[in-house]
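One structure is given below, encoded as structure tokens.
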Amino acid sequence: MSASSDTLGWLVICYFLSAPQTSTVLIFMLSETICQQVSDGNLHTPCFIEMSSSDRRPYNQLTRCSHDPLHSPENEDLAIIYRPLFWTSFWAEDWLFSSLPTPYRGASSILVSSASSKTAFCLAYLLRKRRFQGATAIKTVGLTSKKNLSFTNGLGLYDAVLTYNDDLETQLDIDGSWVYVDVASNSELNGRILGALKGGLVRYVSLGLTNLTPRDANSYSPPSSGVTASTTSTSPEFFFMPEWLAQRRKTLKISEIANLQTGAWSGLMEDCKSWISLTRTWGAHQIQKAYEEVIEKGVGPEKGLIWSLWNEEDAESWQRHGAPNVISKL
């Protein structure tokens with residue numbers, strides 16, 4: 001959107017998982033009238049939220065754009081795509097780097113499955129930045145499907161990219177030490193990786209469920225809360241961002257956390273613009289057609305779909321002349 005945050009008031013981002021392997025993003029532009037109805041606090045006062053270890057509010061928030069230090073109107077489309085995912089990657093990398101006694105438990109390489117997913121390649125981006133800062137010599141290897149190999153290589157974020165069809169025992173440096181970050185959560189793939197890395201695996205982290213099979217789904221049981229430790233390198237540790245963030249708030253001031261996030265987000269907004277192509281669709285009728293096309297053909301990792309229930313001409317008129325009765329438009 002090109003409208004100012006004071007005019008738009010709030011942005012509410014909703015995810016609908018209505019079909020297997022399909023994630024559709026809709027953005028609703030709400031007027032201040034509706035904001036008054038959904039807000040139970042002072043709209044004009046920013047606040048910090050106290051979290052319990054099991055609180056999911058970092059993932060479920062309504063944020064007033066005019067008081068959001070990370071918001072910029074020109075980057076709203078990118079924020080819709082990346083913001084819910086980037087913070088998982090950011091704090092997961094922080095958690096891995098904070099390992100004792102040495103960062104990444106002394107591993108020389110990190111292997112990331114589902115490497116074309118945004119959570120995965122944002123993690124690779126942060127690992128690469130950490131290395132360029134001289135804080136580590138860690139190398140990052142991505143695992144992806146053949147159809148996504150070209151896209152994943154083209155990002156330039158991984159030191160190497162392999163496909164699931166490759167012979168992992170010959171392609172991976174089994175003499176090195178590895179952290180495996182599992183974003184796919186596919187039991188067959190994980191068995192192959194554990195078999196290939198054997199004694200070289202120093203940490204096995206579960207970070208996502210992008211390729212959960214029906215068999216895996218029936219047996220999958222997420223942790224009841226937070227970051228779970230593992231006693232062996234062949235058992236997964238589950239990362240849950242709010243739990244780690246709660247721990248970091250015991251060692252860092254709120255202002256320090258805010259500075260870390262502001263710097264990381266500003267860097268991402270500068271660096272990510274060439275990674276995917278954004279396509280905007282306006283109006284309920286066009287959204288229905290676009291949705292049906294996604295159901296039929298799917299959508300590749302190189303695309304970001306932004307769907308607005310506003311008709312384009314109504315949104316432009318609103319920006320020029322002020323907000324009409326929004327309720328009649330939804």
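For region 287-304, filtering for residues that are in a helix (DSSP H, G or I) and in contact (Cβ under 8 Å) with a residue 40 or more places away in the chain leaves 4. So the check is Cβ under 6 Å with 6+ separation or different chains; which pairs have a first residue in region 239-260 that's touching a residue at least 12 places away in the same chain (Cβ under 8 Å) and within 17 Å of residue 85 (Cβ to Cβ) and a second one that's of a type in the set (Gly, Ala, Ser) and assigned to a helix (DSSP H, G or I)? Between residues of region 239-260 that are touching a residue at least 12 places away in the same chain (Cβ under 8 Å) and within 17 Å of residue 85 (Cβ to Cβ) and residues that are of a type in the set (Gly, Ala, Ser) and assigned to a helix (DSSP H, G or I), the close pairs are 239/92. Number of residues in region 148-189 that are in a helix (DSSP H, G or I) and without any contact (Cβ under 8 Å) to a residue 60 or more places away in the chain: the value is 10.
Scanning region 57-114 for residues that are part of a loop (DSSP other than H, G, I, E, B) and either in contact with a strand residue (DSSP E or B) (Cβ under 8 Å, 6 or more places away or on another chain) or buried (at least 21 other Cβ atoms within 10 Å of the Cβ) (or both) yields 62, 71, 99, 107, 108, 113, 114.
Just so you know, all these numbers are worked out from the coordinates, no wet-lab data involved. Model, not experiment: these values are computed from the prediction. Cβ atoms come from the backbone with ideal geometry, glycine included; neighbour counts cover every protein chain shown.
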